[in-house]
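Working notes, structure below.
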Amino acid sequence: MKNISLTMLAMIGLTFACVAAAGTPGETPPPNFVFINIDDLGYADIAPFGSKLNRTPNLDRMAKEGRKLTCFYAAPVCSPSRASLMTGCYPKRSLSIPHVLFPGNDIGLAPAEITVAELLEKQGYATACIGKWHLGDQPEFLPRRQGFDYCFGLPYSNDMGPAEDGVKSSLGAPIPKRKGKRRVQPPLPLLRNETVLKRVLAHDQTTLVALYTEEAVKFIRQHKDERFFLYLPHTAVHFPIYPGKAFQGKSNNGIYSDWVEEVDWSVGQVLDTVRELGLSKNTLVIFTSDNGGTRRGVNAPLRGFKGSTFEGGMREPTIAWWPGKIPAGTETDAVVSMMDILPTFVKLAGGSLPSDRKLDGADIWPILAGQPGAKSPHDVFYYYRGLKLQAVRSGPWKLHLAGGELYNLESDIGESTNVATAHPQEVQRLGGLADQMKGDLGLDCIGPGCRPLGKVRHAQPIISHDGRVRADLGEPLRQERGQSE
């Protein structure tokens, strides 16, 4: 009897231990991931970040049920920001270019880079990129060479095409006719995997948000019984501005606000699908923008716009949502960034980070989860604009290198008062931190820590200037992946 009682007690103890372990973060089943990336959205273009113009009820609810990241950094422009997201690095390390990629460029994100999609794919995740890619349009650089099972959308920005197709003028503006034989950008293609579905014209631009949303919802439904990673980089709200027909004129604040409100609708469709399928408790959703807003939007109280290394060019309106795991109705001003997404997602998925290369990002799950004492992994943050280091931040202090301007971001988020004269020691300290990058990424050149770009010979646009689709676009990729259209 004594032995039986001891055995029973041991079994009961083991049962309680297992129950307790199941509730610990380490034993939580790997979640699904949805990353929604808006193009050129201003910091205060959505109500959770202060908008008084735009109605964003779905993002309001997302913020009430989730956590606002008020100091989430991207890059000043599109391609570098997306490279940082994909690789977990400062943009210059994995895509050392001065600006952005253009149609028919012979360079792109190197196939040798290891992306977040590839690392999640190794963990058994279904992966999809639905929306704007902008990391190279040659076959070697497209999403299915970078870890995505499926892709649908545009290979680059929606303004990259000939003006007579409506890509240089927003809804309602006259579409110019082509004059003479001057060289223009090639036609803008809509792709499903490596198949060109159409040449994108003005009317097609008005359908993009709805098309992406439909594809995203379909992907979630198809993979509801397995782990998935959905990357949803919207074309909106990048110029030209083309809200969908159902949203045109509905905001009372012009077509830009119409499009912001359509984006909010799209977020609602995605979150409602997750809720409907019972996936809320096992899905982490992050909403953000790829860079600061343009002058069409509102970046207040930040200074500057897209293309600058002032806060308005790089600090993004970001919300993290995972009911039951991320504390509802909270916010954090910890310094986090695009480059932290890869380490965070991979760790939550139970994967391992590459050991043969340097990553600049870190796991920020303790910050997302609101764990007591969680701090930013970035004691120093470097603000690059293309190849040039323009500013450095450490703690609340930010130094703009060219003019020696010093700002305290805790008391002056708008970078309005230069306090360099009052704090010479901080100017010297931050200048020294900047100098430390000379031997890594470099200050205004390709440093030794920059990895090689992807490069191809005989680059061609996807659709030529005379309207022909390149013949070699799809077949090598379909053979490699073993998939058919």
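The values are calculated or read from the model by the stated rules, or taken from the named source; none is laboratory data. Note that this is a predicted model, so its numbers are computed, not measured. Positions of Cβ are generated from backbone atoms using ideal geometry, with glycine treated the same way; all protein chains shown enter the neighbour counts.
Of everything in segment 281-306 that's surrounded by fewer than 22 Cβ atoms within 10 Å (Cβ to Cβ) and charged (D, E, K, R), which residue is farthest from N408 (Cα to Cα)?
Ranking the qualifying residues of segment 281-306, first place goes to K281.
In segment 379-396, how many are part of a strand (DSSP E or B) and touching a residue at least 60 places away in the same chain (Cβ under 8 Å)?
Selection size over segment 379-396: 7.
Which one is farthest from the chain's Cα centre (by Cα), of the residues in segment 78-97 that are surrounded by 24 or more Cβ atoms within 10 Å (Cβ to Cβ) and outside any helix (DSSP H, G or I)?
The residue in question is S96.
Return the pair list, or none, for Cβ contacts closer than 6 Å from residues in segment 440-467 that are within 14 Å of S94 (Cα to Cα) to residues that are in a strand (DSSP E or B) and not hydroxyl-bearing (S, T, Y), at least 6 apart or on different chains.
From residues that are within 14 Å of S94 (Cα to Cα), the pairs are L453/I107; G454/G108; K455/I107.
If only one of V270, V285, V274 is at pLDDT 95 or above, more than 13 Å from G42 (Cβ to Cβ), assigned to a helix (DSSP H, G or I) and in contact with a strand residue (DSSP E or B) (Cβ under 6 Å, 6 or more places away or on another chain), which one is it?
V274
Could you go through segment 379-388 and let me know if any residue there is within 29 Å of V100 (Cα to Cα), of a type in the set (G, A, S) and modelled with pLDDT of 95 or more.
Yes, the conditions are met somewhere in segment 379-388.
Does segment 92-108 contain at least one residue that is of a type in the set (A, V, I, L, M), touching a helix residue (DSSP H, G or I) at 6+ places or on another chain (Cβ under 6 Å) and more than 21 Å from G313 (Cα to Cα)?
Checked against the condition, which is being of a type in the set (A, V, I, L, M), touching a helix residue (DSSP H, G or I) at 6+ places or on another chain (Cβ under 6 Å) and more than 21 Å from G313 (Cα to Cα), segment 92-108 yields no hits at all.
Could you check segment 215-246 and list, in sequence order, the residues that are out of contact with any Pro (no Cβ under 7 Å at 6 or more places or on another chain), charged (D, E, K, R) and in a loop (DSSP other than H, G, I, E, B)?
K224, D225, E226
Inspect all residues belonging to segment 191-207 and state whether any of them is within 27 Å of K64 (Cα to Cα) and either in contact with a His (Cβ under 6 Å, 6 or more places away or on another chain) or touching a residue at least 12 places away in the same chain (Cβ under 8 Å) (or both).
no
Within segment 319-327, can one find any residue that is within 21 Å of the chain's Cα centre (by Cα), crowded, with 17+ Cβ neighbours inside 10 Å and under 30 Å from K388 (Cα atoms)?
Yes; the residues of segment 319-327 include at least one that is within 21 Å of the chain's Cα centre (by Cα), crowded, with 17+ Cβ neighbours inside 10 Å and under 30 Å from K388 (Cα atoms).
Table: residues versus (1) without any contact (Cβ under 8 Å) to a residue 40 or more places away in the chain; (2) buried (at least 23 other Cβ atoms within 10 Å of the Cβ); (3) under 15 Å from the mean Cα position of the chain (by Cα).
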| site | (1), (2), (3) |
| --- | --- |
| N105 | no, no, no |
| T115 | no, yes, yes |
| E118 | yes, no, no |
| K122 | no, no, no |
| Y125 | no, yes, no |
| C129 | no, yes, yes |
| L135 | no, yes, yes |
| R144 | no, no, no |
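If a residue has to be surrounded by 15 or more Cβ atoms within 10 Å (Cβ to Cβ) and of a type in the set (S, T, Y) to count, how many in segment 328-363 make the cut?
Qualifying residue count for the region: 3.
Hey, any hits in segment 314-330 for a residue that's among the basic types (K, R), part of a loop (DSSP other than H, G, I, E, B) and in contact (Cβ under 8 Å) with a residue 12 or more places away in the chain?
The answer is yes; a qualifying residue exists.
Is at least one residue of segment 342-354 in a strand (DSSP E or B) and more than 18 Å from G292 (Cβ to Cβ)?
No: zero hits.
Just checking, how many residues over segment 189-225 are in contact with a helix residue (DSSP H, G or I) (Cβ under 8 Å, 6 or more places away or on another chain) and of a type outside the set (A, V, I, L, M)?
Qualifying residue count, segment 189-225: 8.
What pairs can you find where one residue is in segment 233-249 and closer than 30 Å to A117 by Cα, the other is among the aromatic types (F, W, Y), and their Cβ atoms are less than 7 Å apart, with a gap of 6+ or different chains?
Correct list of pairs: H234/Y212; A236/W259; V237/Y256; V237/W259; I241/Y256; I241/W259; P243/W259.
Among the residues of segment 415-441, which ones are outside any helix (DSSP H, G or I) and either touching an Asp or Glu at 6+ places or on another chain (Cβ under 6 Å) or surrounded by 14 or more Cβ atoms within 10 Å (Cβ to Cβ) (or both)?
Within segment 415-441, E415, N418, V419, A420, H423, D440, L441 qualify.
Hey, among the residues in segment 223-273 that are of a type in the set (D, E) and more than 30 Å from V346 (Cβ to Cβ), which one's surrounded by the fewest Cβ atoms within 10 Å (Cβ to Cβ)?
E261
What is the number of the single condition among (1) aliphatic (A, V, I, L, M); (2) part of a strand (DSSP E or B); (3) touching a Ser or Thr at 6+ places or on another chain (Cβ under 9 Å) that V260 does not meet?
(2)
Those residues that are under 26 Å from E121 (Cβ atoms) and of a type in the set (F, W, Y), I need them from segment 28-80; list them, please.
Result: F33, F35, F72.
Would you be able to tell me the number of residues in segment 250-271 that are under 17 Å from I130 (Cβ atoms) and either aromatic (F, W, Y) or free of Cβ contacts under 8 Å to residues at least 12 places away in the same chain (or both)?
Going through segment 250-271 one residue at a time, the tally reaches 1.
Restricting attention to segment 82-94, which residues are in contact with a Ser or Thr (Cβ under 9 Å, 6 or more places away or on another chain) and either of a type in the set (S, T, N, Q) or farther than 18 Å from R357 by Cα (or both)?
Listed by number, the residues that qualify are S84, T87, S94.
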